[in-house]
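> Handing you a structure now.
The values are calculated or read from the model by the stated rules, or taken from the named source; none is laboratory data. These numbers come from a predicted model, not from an experiment. Cβ placement follows ideal geometry from the backbone for every residue including glycine, while neighbour counts extend to all protein chains displayed. Areas reflect the complete protein model, heavy atoms only, side chains present, ligands, DNA and RNA absent. Shrake-Rupley method; radii C 1.70, N 1.55, O 1.52, S 1.80 Å.
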Amino acid sequence: MTPLTCLILNCTLKSSPDESSSALLGSQILSALMDHDMKGEMVRVVDHDVRFGVSTDEGDGDAWPELRERMLAADALVLVTPIWLGQPSSVCKMVLERLDAELSETDEDGRMLTYDKVAGIGVVGNEDGAHHVTAELCQALSDVGFTIPAGGSTYWVGEAMQGVDYKDKTPTPEATAGTTKTLARNLAHLAGLLASSPYPAGG
């Protein structure tokens, strides 16, 4: 049986090789998915020249089509974002805007190309806001065709008005480690179900 695959899009504002709490959480999610026989990769979106827009290809060297191809080839997508001013990062919002194009991309049966794909969410920040950010991403990902598993998010937020980042927490907080394992287990399970039994065609 072909292993299930996952693409993790890290929506940090920091270019490689800068340290990133989002990158740490994303790598932990990827490691947890591997425990369930899923293969995958994490891509830092800011390392690619993704253009603003709501189409599948904004032209002029736009890097989104290549990332989109990798997304469509995978069984699952995980968005990992920091919180800024209580919101998903601007990079994450740009990714959601690009995903809006999937609403008009369908197969011969009229199904969005993202149907039968699962999505998960990772959030990190120094203030409250993880539930708000998760809610925004759940709604958006569901709208553009992804299925969110039970327990489909993991997050960490630090104490209000403090400067400790997730990447500076050693060891990993037990609660976050637990929700990451739950996300990976349920995401892999649901991806397997949809791979063997796709959603029916409309009509």
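> Would you kindly enumerate the cysteines in the chain that have no other Cys beta-carbon under 4.7 Å from their beta-carbon?
Isolated Cys, the chain: C6, C138.
> Mind checking which of A63, A160, A73 has the largest fluctuation in a GNM of the chain, springs on alpha carbons under 10 Å?
A160
> How much accessible area does L137 have with a 1.4 Å probe, in Å² rounded to the nearest 10?
0
> For the chain, give the percent of accessible area contributed by carbon and sulfur heavy atoms, probe 1.4 Å, rounded to a whole number.
Values: 5190 of 9870 Å².
Using a 1.4 Å probe with all protein chains present, the chain comes out at 53 percent carbon and sulfur.
> In debye, nearest 20, what is the charge dipole magnitude of the range 97-203 about its Cα centre with +1 on Lys and Arg Cβ and -1 on Asp and Glu Cβ, if you could check? Each step should come with its number before you reach the end.
On the way: 7 positive and 16 negative charges, 102 e Å.
Value, rounded to 20: 480 debye.
> Roughly how large, in nm² to one decimal, is the mean projection of the convex hull of the alpha-carbon atoms in the chain? Provide the component values of the computation, followed by the final result.
Working: hull surface 46.0 nm².
It is 11.5 nm².
> Placing unit charges on C-beta atoms (Lys and Arg positive, Asp and Glu negative, everything else neutral), compute the dipole magnitude of the chain about its Cα centre in debye, rounded to 20.
Numbers: 14 positive and 30 negative charges, 118 e Å.
With Lys and Arg at +1 and Asp and Glu at -1, about 560 debye.
> Principal axis lengths of the range 56-133 from Cα atoms, whole Å, largest first?
45, 31, 18
> By how many degrees, between 0 and 90 and to the nearest 10, does the Cα long axis of helix 64-73 differ from the longest principal axis of the chain?
Approximately 80 degrees, to the nearest ten.
> Hey, another quick one. To the nearest 10 square angstrom, how much accessible area does E66 have with a 1.4 angstrom probe?
E66 has an accessible surface of roughly 80 Å² with all protein chains in place.
> Ok, one more. Given a 1.4 Å probe, how much area per residue of the range 16-148 is accessible, in Å²? List each step's numbers first, then the result.
Details: 5930 Å² over 133 residues.
Using a 1.4 Å probe on heavy atoms only, each residue of the range 16-148 averages 45 Å².
> On a 0 to 90 degree scale, rounded to 10, what angle separates helix 21-34 from the longest Cα axis of the chain?
Taking the Cα atoms of the chain, the angle to 21-34 is about 60 degrees.
> GNM on the chain, C-alpha springs below 10 Å: top fluctuator among W64, W84, W156?
Comparing W64, W84, W156 in a Gaussian network model of the chain, the most mobile one is W84.
> Follow-up question, since we're still on this one. With everything on Cα atoms, drop me the angle between helix 174-196 and the longest principal axis of the chain, reported from 0 to 90° to the nearest 10.
Once rounded, the angle reads 10 degrees.
> Only bridges whose two residues both fall in the range 1-98 count here: according to DSSP, what percent of them are antiparallel, nearest 5? Each step should come with its number before you reach the end.
Values: 2 of 14 bridges.
Around 15 percent antiparallel, to the nearest 5.
> When the chain is treated as a GNM, springs tying every alpha-carbon pair under 10 Å, which of L33, L190, L72 comes out with the largest mean-square fluctuation?
L72
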